[in-house]
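Have a look at the structure below, then the notes.
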Ligand SMILES: [Ca+2]
Ligand SMILES: [Ca+2]
């Protein structure tokens, strides 16, 4: 689904709900049964969420993975024994602007590099800005919104796969599934900069643009390896906490390195044109 223009609006939301059919079980999640695969939106301007099941996966990359980095090891088993909800899309400019208009988000109006796309992922937002957004979303909805932990992020991006990309081992799938940097691409993905959220095919958990479009902030402090990393899906709260981990690569990233295990990092106060975020919501 591609969103364009300024704001979702009531009419747009109604059309959106009708278009989703039986899979859309609630506009407000309060009190509703929440099952894996179910989608919901906690308020009109809130991000669309999907419930993902708990499960186990192997985090990190094997030494045989082409283009991998040492910070992706040691591979380790992570078990997430809880369901949680995750944003179907990266947070968009429209969603950020709603927060700012309603008094949250520090009145920060991120630069969009004059691309003029409200349905594109918000960029030029720091990790600290992202915290302000999830705090506003939590206050607005009464639910616990937050960034994904790095382990949760890799779990939902892989969506059951252990291949380098969630569409397989080979690069050519990139142009069906992800917006990457174009200069070294073997195909044309159609977007020189960011693409409207949902322009490509989703992964098996129903997430769009997990790989590519924009890097996504996670909750974790930066650590150079997975030595002593938690194995229960929780965030790493020790290490270099002035630097935070970002995942998934972007419209500036070479397709060959747009891998599920790829790790990025930058200072928590930095704002980049290829870095945004996706939200998670705890399910009680
Ligand atoms: Ca591209
Ligand atoms: Ca992304």
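Readers should treat all values here as calculations from the given coordinates under stated rules, not as data from a laboratory. In this text, all values refer to a predicted model and were calculated from it rather than measured experimentally. Counting neighbours? That spans all protein chains shown, and the Cβs are built from the backbone with ideal geometry, glycine included.
Key figures
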item: Cβ-based exposure ranking for 211, 101, in which fewest neighbours within 10 Å come first; result: 101, 211
item: Prolate/oblate/rounded label for region 146-186 (Cα gyration tensor, a/c 1.5); result: oblate
item: Cβ-based exposure ranking for 183, 273, in which fewest neighbours within 10 Å come first; result: 183, 273
item: The chain, relative contact order [Cα under 8 Å, separation at least 6], %; result: 24 percent
item: Residue-span extension gain [residue 81 to residue 101] - 0.36 nm each, minus C-alpha spacing; result: 3.5 nm
item: Alpha carbon convex hull of region 96-185, projected area averaged over orientations, nm²; result: 7.9 nm²
item: Isotropically averaged projected area of region 117-264, using the convex hull of Cα atoms (one quarter of hull area), nm²; result: 9.3 nm²
item: Helix-only CD estimate at 222 nm, as mean residue ellipticity for the chain, using -39500 (n - 2.57) per DSSP H run (n ≥ 4); result: -5000 deg cm²/dmol
item: Residues 217, 251 arranged by fewest to most Cβ contacts within 10 Å; result: 251, 217
item: Kirkwood Rh (inverse of mean 1/r, distinct Cα pairs), region 37-136, angstrom; result: 16.2 Å
item: Whole-number Å³ per residue for the convex hull built on Cα positions in the chain; result: 117 Å³
